[in-house]
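In what follows, a structure is listed as structure tokens, so that the remarks can point back to it.
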Amino acid sequence: MLRRKRRRWILVVLVLVAAVAGGYYYWASRPQKQEAEESQVPTARVRRGDLVLAATGSGSLIPADERSLSFGVGGTVTEVNVEAGDEVKDGDVLARIDDSDAREALINAQVQATKAEADLQSTLLDHEELLKGASEAELLDALIELLASKAA
């Protein structure tokens, strides 16, 4: 009986030693996550002062919305009323062009129109004078002249 008790005690002690050894092996072989993460975090002493941060990089910017501009006439841009990044609304004047050539062309066209009206009035007066006392040949010549001036 004594021998049996002794074997039981030896068996219990061996099981306890095996359990302790297995527990230690498990604890020693598990990943040390917290300790590894904490040791990689840089630290510094706290002090008062200005915080200076700088960032550099390269790349290209793509606008969210892009429009092409075109003018009804050609010319030199004399004034730009907006800058890159400004928000604009419908009807805003974005730029002005030198319109002196267009103004000169308008004045010339108005002069030509006035001259053409004066020529027409003169021709009509001549036609009326001819109708008052003209022969048939003179009337035909006046009519041809009138039609030629209207065609021009």
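The values are calculated or read from the model by the stated rules, or taken from the named source; none is laboratory data. Everything quoted here is computed from the prediction, not taken from an experiment. We place every Cβ from the backbone using ideal geometry, glycine too, and count neighbours over all the protein chains shown.
Quick grid of which residues meet (1) basic (K, R); (2) at pLDDT 85 or above:
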{"residue": "R103", "(1), (2)": "yes, yes"}
{"residue": "Q110", "(1), (2)": "no, yes"}
{"residue": "A118", "(1), (2)": "no, yes"}
{"residue": "E129", "(1), (2)": "no, no"}
{"residue": "A142", "(1), (2)": "no, no"}
{"residue": "E145", "(1), (2)": "no, yes"}
Looking at G72, G59, G91, G49, which is the one that is surrounded by fewer than 10 Cβ atoms within 10 Å (Cβ to Cβ), under 30 Å from L106 (Cα atoms) and at pLDDT 85 or above? G91
Check E66 against each of (1) charged (D, E, K, R); (2) surrounded by 11 or more Cβ atoms within 10 Å (Cβ to Cβ); (3) outside any helix (DSSP H, G or I) and name the one condition it does not meet. (2)
Meets criteria (outside any loop (DSSP other than H, G, I, E, B), touching a residue at least 12 places away in the same chain (Cβ under 8 Å) and among the polar types (S, T, N, Q)) for T114: no
Between a first residue in the range 125-152 that is outside any helix (DSSP H, G or I) and a second residue that is at pLDDT 75 or above, which pairs have beta carbons less than 9 Å apart while being 6 or more apart in sequence or on different chains? A134/D141; A134/A142; A152/A116; A152/D119
